[in-house]
Amino acid sequence: MSASVSSRTFLNARNEQELLSGIRKEAEAGSLPPNVAAGMEEVYHNYKKAVIQSGDPKANETVLSNMIVLLDRIFLDVTDPFVFQPHHKAKREPFDYYVFGQNYIRPLVDFKNSYVGNMPVFIEMEERLKQGHNIILMSNHQTEADPAIIALLLETRLPYIAENLTYVAGDRVITDPLCKPFSIGRNLICVYSKKHMLDDPALVEMKRTANMRSLKEMAVLLRSGSQIIWIAPSGGRDRPDPRTGEWVPATFDTSSVDNMRRLVEHSGPPGHVYPLAILCHDIMPPPMKVEKEIGEKRIISYHGAGISVAPAISFSETTATCENPEKAKEVFSKALYDSVTRQYNVLKSAVHGKKGFEASTPAVSLSQPWK
């Protein structure tokens, strides 16, 4: 790759014209691959449109400020790619990638129409973490922005959880140039998703070996205690039901649930498995179908979002009447999935149905802890 026009091409931009011109100049110089340059322009325009939707009088300033940083970080990574280890710790200095990610997603969230379900359960989780216990969040997965959404909705009341969550992440978010800067700011256990395991037959064995290495890293992490780990046992993002067009949590993979359950049970410190629901697909929806190629189109919107957690579900209590071990695994996985779905439906009623706090049920109490 040839030398760039300037290492400060984007940081020196004073307006939109100079920023977009910088993308084109770096592409012409050969410093940016054409597909990455096109993606950077697309993200700029889509992000601008979404932030302006918020009605913030300083929207244009926010867009320019955040996009200067994002484009600079994408460009830096293209010229000197960051390589993720199986267990990646969020990079907070000399550049704070975590704060950068929060600042970028924050203007896309309509906080007036966003909710947290069961804050007392989140508080219980934090207390258990501080006692040395491990927490596993079995969750649905909606967008690349899920980690930022979770952190944004919790950071006012529970900054410890917001900043210390570790996410089990698929390889796409650590290889896509437009996504990598956000991933660098999160604690990750890097794995290859089952949905993409067979994309290239020649790489299957390498992927399986890498996943085994990541599982060992997770086991080491859990043995130290006080860990909170998020995983989407579906193996990917939710998609709309093709018959109804309604978004629903993707079905959990029983073996993924059981692997995590056994890991936490055998780690030493006490461990707890909580079902977590996320609703945020409007902000950054995935492609309608699972794509093999890296470099998906980024659609971005300003919208309300929600997260909810239910009390921990015990494997032994849930499966006490199961004599067949395989049946027990299925029962436990279904119990977690059903809880996530119930919570998701409450969030959907609050955010999409515009019922707000009235959508609360005896099992899911909604709040806005940032107020």
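The values are calculated or read from the model by the stated rules, or taken from the named source; none is laboratory data. Source: prediction; values computed, not measured. Don't worry about glycine lacking a Cβ; one is built from the backbone with ideal geometry, like all the others, and counts go over all protein chains shown.
Mind listing just one residue for me: the one in region 164-189 that is basic (Lys, Arg) and in a helix (DSSP H, G or I) and, of those, modelled with the lowest pLDDT? Checking each candidate, the answer is Arg172. Total residues in region 38-59 satisfying the condition of being in contact (Cβ under 8 Å) with a residue 40 or more places away in the chain and either of a type outside the set (A, V, I, L, M) or assigned by TED's automatic domain parsing to the domain that holds Met206 (or both): the figure is 8. A count restricted to region 281-297 and to residues that are within 12 Å of Asp176 (Cα to Cα) and modelled with pLDDT of 55 or more stands at 2.
In region 107-130, is there at least one residue being farther than 27 Å from Phe332 by Cα and β-branched (Val, Ile, Thr)? Checking region 107-130: at least one residue is farther than 27 Å from Phe332 by Cα and β-branched (Val, Ile, Thr).
Which of the helices (runs of 4 or more DSSP H) contained wholly in region 251-353 include at least 2 residues that are outside the structural domain of Tyr47 (by TED's automatic domain parsing) and touching a Ser or Thr at 6+ places or on another chain (Cβ under 9 Å)?
Working: elements: 254-265, 315-318, 325-351.
Output list reads 254-265, 325-351.
Taking the conditions (1) closer than 23 Å to Tyr337 by Cβ; (2) touching a residue at least 12 places away in the same chain (Cβ under 8 Å) in turn, Arg243 satisfies each one other than (2). Looking across region 354-371, just one residue is at negative phi, of a type in the set (Gly, Ala, Ser) and part of a helix (DSSP H, G or I), and that is Ala359.
Do you know which of the residues in region 27-58 that are within 21 Å of Val78 (Cα to Cα) and of a type in the set (S, T, N, Q) is surrounded by the fewest Cβ atoms within 10 Å (Cβ to Cβ)? The extreme case among them is Asn35.
Screening region 93-118 for residues that are outside the structural domain of Ile149 (by TED's automatic domain parsing) and of a type in the set (Asp, Glu) and picking the one that is surrounded by the most Cβ atoms within 10 Å (Cβ to Cβ) gives Asp96. Restricting attention to region 205-244 and to residues that are touching a Leu at 6+ places or on another chain (Cβ under 6 Å) and assigned to a loop (DSSP other than H, G, I, E, B), the residue that is surrounded by the most Cβ atoms within 10 Å (Cβ to Cβ) turns out to be Gln227.
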